[in-house]
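Colleague: Handing you a structure now.
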Amino acid sequence: MRFRLLSLCFLAMSVCSANAQTYGAMLEGFDYPYPRQHFAFQSQGQDLSMAYMDVAPSSQPNGRTAVLMHGKNFCGATWQRTISDLAAAGYRVIVPDQVGFCASSKPRGYQFSFQQLATNTKSLLARLGVDRAIIVGHSMGGMLATRFALSYPQSVERLVLVNPLGLEDWQSLGVPYATIDDLYKSELKTSFDSIKAYQLKFYYHGNWRPEYDRWVTMLAGQYAGPGKEVVALNQAQTSEMLFTQPVVQEFTKLKVPVLLMIGGKDRTAPGANRAAPQLAAELGRYADLGRLAAKHIPDAELVEWPELGHSPQVEAPDVFHQELVQRLAR
């Protein structure tokens, strides 16, 4: 009995210790799955650093490059399994952390826009000698990847959108606007428990696995660290960015082949907590949104997983990556 009590106490201490992990504003202290490099550049009159991983093929190179764009509540590191599987299939894989996120600079007084982030990414690829690539975007990264493809179609071999945000325009549908100041106050309250609760409800449809904790700790550690104020500020700014800069109305203008990969149980809808209950209940229905988007995109291919949620690459990595590698090889 005493041993059991000690075991339970040790387990509780371990969980608390994991939840209390802190990282620097540029994610100092967090281990990335591959060597992390930094691209130094100037933007909007500031000296900035953009973190990225550049992973060589681990099998016979196929001469193709994949660029992976993370979501708002994710980092380049979250693509760990995707990097491994694409590298094993012969791809060079480049994975940036966008400015304002994760291991990249957290600038003050920066005007965040998808166009600016796309321009930053284009500059990184030019520095790395990449003229054309497969662009893969997940969640908010899907909105960024779409803007990148609209701005630089000649640089995009194929666009892959994995449960992208922006399949609906929340503001035009009636979701109230929130100021950056209000969003900042909300971001300052972010914790391990709040991140986990949100992802459990909207990303993983009530099913949690221990391996998801690493990605929650990654985010929560920045909010708990010494740079939490600027981390919260940049997160507020980018929340306002994705709310006010929709891409759905421009899907018809895409001039590259598009692969939509949709987990149908996803109910992610930024700002839904501010909407009237009746409207909130209708937002973020990805099973319907994915099909509607496929109809509007000129050259679209749709893959659906009705039983998966917002992050199929994390929730069902074997299923997701087998499908991704096979589709890209066609």
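Colleague: Got at least one residue in the stretch 96-116 being modelled with pLDDT of 95 or more and in a strand (DSSP E or B)?
Modeller: yes
Colleague: Taking ARG132, is it out of contact with any Lys or Arg (no Cβ under 7 Å at 6 or more places or on another chain), in contact (Cβ under 8 Å) with a residue 12 or more places away in the chain, surrounded by fewer than 22 Cβ atoms within 10 Å (Cβ to Cβ) and closer than 25 Å to PHE320 by Cβ?
Modeller: Yes: the conditions hold for ARG132.
Colleague: Something else: Only residues in the stretch 171-190 that are in contact (Cβ under 8 Å) with a residue 40 or more places away in the chain and closer than 15 Å to ALA275 by Cα count as the first member; pair them with residues that are aliphatic (A, V, I, L, M) and in a loop (DSSP other than H, G, I, E, B), Cβ under 6 angstrom, at least 6 apart or cross-chain, and list the lot.
Modeller: Sorted first by the residue in the stretch 171-190, then by its partner, the pairs are VAL175/ALA275.
Colleague: In the stretch 26-63, which residues are loosely packed, with under 14 Cβ neighbours inside 10 Å and in contact with a Ser or Thr (Cβ under 7 Å, 6 or more places away or on another chain)?
Modeller: Within the stretch 26-63, ALA40 is the sole residue that qualifies.
Colleague: Then there's this: Identify all residues within the stretch 172-195 that are surrounded by 14 or more Cβ atoms within 10 Å (Cβ to Cβ) and touching a Pro at 6+ places or on another chain (Cβ under 9 Å); write none if there are none.
Modeller: VAL175
Colleague: Further, regarding this structure: Looking at the structure I just gave you, is ASP47 in contact with a strand residue (DSSP E or B) (Cβ under 8 Å, 6 or more places away or on another chain), under 19 Å from ASP85 (Cβ atoms) and charged (D, E, K, R)?
Modeller: So ASP47 does not fit the description; no.
Colleague: Among (1) farther than 28 Å from PRO33 by Cβ; (2) in a loop (DSSP other than H, G, I, E, B); (3) out of contact with any Ser or Thr (no Cβ under 8 Å at 6 or more places or on another chain); (4) in contact (Cβ under 8 Å) with a residue 12 or more places away in the chain, which single condition is PRO246 missing?
Modeller: (3)
The values are calculated or read from the model by the stated rules, or taken from the named source; none is laboratory data. Just so you know, these numbers come straight off a predicted model, no measurement behind them. Because the Cβ atoms are built from the backbone with ideal geometry, glycine has one as well, and the counts that use them run over all protein chains shown.
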